[in-house]
Every structure is written in C-alpha cells, then in structure tokens.
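To start, the structure itself, in structure tokens.
Every read-out reported here was derived from the displayed coordinates using simple, explicitly stated rules and does not represent laboratory data. From a predicted model like this one, the values you see are computed outputs, not experimental measurements. Here the Cβ positions follow ideal geometry from the backbone for every residue, glycine too, while neighbour counts run over all protein chains shown.
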Amino acid sequence: MTQSDLPTPDYSKNMKLIGYSDQGGRPDGVQLMVNKGHAFIGHMFSDGFSVIDCNDPRDPKPVAYIPAEPNTWNIHLQSHEDLLLVINAKNMFASAEFQNEEEYYKGKLGKKVGTADAASTDRNWTAGMAVYDISNPAKPRKIGFMGVEGGGIHRIWYVGGRWAYASALIDGFTDYIFITIDMADPTNPKEAGRYWLPGMNAAAGEELGDDQARAGLHHAIIHGDTAYGAWRDGGLVIMDVKDRSNPELITHHNWSPPFGGGTHNALPLPDRNLLVVADEAVLDNCADGIKHIWLFDIREPSNPISISTVPIPNEEDYAAKGAHFGPHNIHENRPDSFVSDQLIFATQQNAGVRVYDIANEYQPKEVAAFVPPKPAKLIDRRPNRVNVIQSCDIWVSKEGLAYMSDYNAGLYILEYAG
C-alpha cells in the first residue's frame, strides 16, 4: 500500500498514519505485540491469530495465520524474546448465550458458562495457555500447553523470566481469578498459585452479593513483587506475589458504584508512585456510563487515592456515534517497548487512540489523537452491531511508533509527532 492509498482519518492531531494492513483479510484485532519486527495479533471473530511483518512499518505484510482450536478464542497473547504465549478460552462471542453483548458483561460469568458449579460436561472448546517458539517469527511453532479445567485463560502478563501471570476461569469459581504460572520449562508450564476475591469460590460455598456485577479479573500487571489487578466491576486489587505459590491481598478498592465498573488495566509508574487505571466502556451508546482513565497516588500501597482523570474526547459527539465510546486498553510499558511515566497512550474505541501528557499528574492533558475512518466492512458477526471503529489495543515501540488494532478495521501504524 502506497502512502497515497492509506485510509484518511476522521480526525488527527500530532499523529501521522504511516502504515496500514487489513491483516490478510482478517481485520478484526484484539491484543497485539510487536517482536522481532513482527506484529502478533489475536482475532476476535476470525478465530486464531495472525503475524504481520512490520520490518518496514510503511508496508506491513501478513506472513502467517494460525487458526484457533474449534470454538476457542485466541484473542490475547504475550511475547518476549523467542516465546509467544497465547490464551485458549471458550469463544464467548460465538456462543448463543452472549449474542446480546450485555449478557457477557454483567452477572456471574461462571454460572452462565456452566463452570461455576462444574456441572457442564458439554465443553467443545480448548481451555488453557499455548506456548510458541517464535525464533522464526513468521513461523510460530507450538512447543507447550498448560490446560485448565474450566472456561480458559483470558489474559496473560509475561515479560520474560520464570513467571507468567494470568486470569483464569476455573471450575468452581464465579468468574476469572488470578493465577501464577511457572515458566521454568516453557514446554511444560504449570500453575503455581491462586488468588480470588472472597465470595468467588462457589464450590467452597462462598457467595458474592451482587448478582449483576462482573466481579472477575481482567488481568494484572506485575512490578517486582506486586501485582496490580483490574477486577472489572470489582475495581482494583493489589496483591503481594513475593511467594508466587501464595499471592496475598494488599488492598481492594472499588468505585463501582457510583461509577460504572469495568476496570481493565492497572499500570504502575513506580518512579512516581502513580497508578494509571482504565475502566473499559463495555456497552453501546454509553449505557454503562462515561468511563474514565484514572490516576491514583500509591505512595501508601494499602491506600490508593484517585487524584485525577484524563480528558474525555469531545471534538464530536462520540456517545451518539454508535457502539462503544470510552477506554479499552492502554500501552503497558513493557520493557521491550516504549516506557514512559510522562506519556500515556490509550484506545478510546469509537474515538480512536489518544495520547495524554501526565507530567502534572493532577492535570493530565491530551496531546495527540488519531481517529480512523469507518471500517470497509463490519466484521463483528453478532446481531444488531453497527459498522463503527472500535479501536482496541495499543503497543508503542521504543522509537515512538504506535501500533493500533481494531475489532473491525485492521492494523494502523502511527507516528507520534508531539
């Protein structure tokens, strides 16, 4: 694709589009990682993951597609050096019970999937975590698998070394819990420890009070011996993982209600004693309220204090645009990528990607934005969906190139010019 053929954005500020790919005709993307000059992208609806050669970011080329097991999601993945870890879970959005999107985002997921009481034997999906050798990034080679009994793994945190961390929907629990994974032998990863909020262990007779809330871990980001968990409608859960076999609670802090829940990312900025926390917008037309990206002061880890929120995109009426408006992911400062405690890159779904300057943590400001045009076609196969961008994940290189995925619209490679 020549530069003149690149999609024309609906809006841009201090960001320049330099490359685009429809990912080999599978433009639906969820989590992405860039490693060895290649983007690894999990698919929401195309059932598997793709590899895009981005050594020339102005001319990205699809080089591989690895299909998922039947009825299985591979939407999230992590890469470091020669390893790629890929989640395997029940494909929720292909299931009849979740064709109304709202049903996925409320209530006890384990009860709906049939894993909370382990009564369901009709499991036609693969549950666990696959490990691939990507020493040749264009040809991922599966070398290991860790199975779990239940719905599967949702999202992983892995930046090398012995330990990985994941959210897992396991038999007997009402929703995704936190697990640690021993990667000493990548061909044979093993679960090492667990933590869950009191009330989640239905098999042990525990009960959660709110039947409407999705109190389940999305994922945790780990710094040192501390895990910062985003627990959806359960809020923020900070855990001590010094003993990987026995994670312990440091603090649990929830602001839903009165705010709308959906806590999705919790990114520590340790040199500044700050925590950036994004609440995901999960329902169309802001039915779950306006969601925020919060800055917390964590000088006292047991007492995180919210001190500000980032600006809400307002150059047009995004709440009326259709589909989801509000945060989805933030760039997570992985050690092999752009690391900053001054700039925060975030996706805002139908409002594209935004960059925030948080040098003054009490008064964040937007310094860049990019809103892609309407997708060429609707990829989301669920009923009553609208053909609107849903900018999903963001990964930023050390050189400042931002790679952005979308549920419907492909891979955008952007140059930050702020």
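Who wins for biggest fluctuation among 206, 366, 300 in a Gaussian network model of the chain, springs between alpha carbons below 10 Å? Highest fluctuation of the listed residues: 300. Loop-located GluC sites (Glu not before Pro) across region 25-110 with a Cβ neighbour count of 15 or fewer within 10 Å are 81, with loop assigned by DSSP.
Show me the chymotrypsin sites (Phe, Trp or Tyr not before Pro) within region 116-207 that DSSP assigns to loop and that have at most 15 other Cβ atoms within 10 Å of their Cβ. Intermediate values should be presented prior to the final figure.
On the way: sites: 125, 132, 145, 157, 158, 163, 165, 173, 176, 178, 195, 196; in loops: 125, 158, 176, 196.
For chymotrypsin sites (Phe, Trp or Tyr not before Pro) across region 116-207 that sit outside H, G, I, E and B with at most 15 neighbouring Cβ atoms in 10 Å, the list is empty.
When only DSSP loop residues count, what chymotrypsin sites (Phe, Trp or Tyr not before Pro) in region 240-327 have their Cβ near at most 16 other Cβ atoms within 10 Å? Passing sites in region 240-327 are 255.
Shape class for the chain, computed from the alpha carbon gyration tensor (a ≥ b ≥ c): rounded, with a/c under 1.5. Taking 397, 21, 405 in turn, the Gaussian network model of the chain (Cα-Cα springs below 10 Å) assigns the largest fluctuation to 397. Other residues whose C-beta falls under 9 angstrom from the C-beta of residue 29 contribute a net charge of -2, scoring Lys and Arg +1 and Asp and Glu -1. Put the Cα centre of region 207-258 next to the Cα centre of region 260-296 and the gap is 14 Å. Above 11 Å, the calculated P(r) of region 74-120 contains 74 percent of its Cα-Cα pairs. Note on the chain: with a GNM built from Cα contacts shorter than 10 Å, the maximum mean-square fluctuation among 164, 320, 266 falls on 320.
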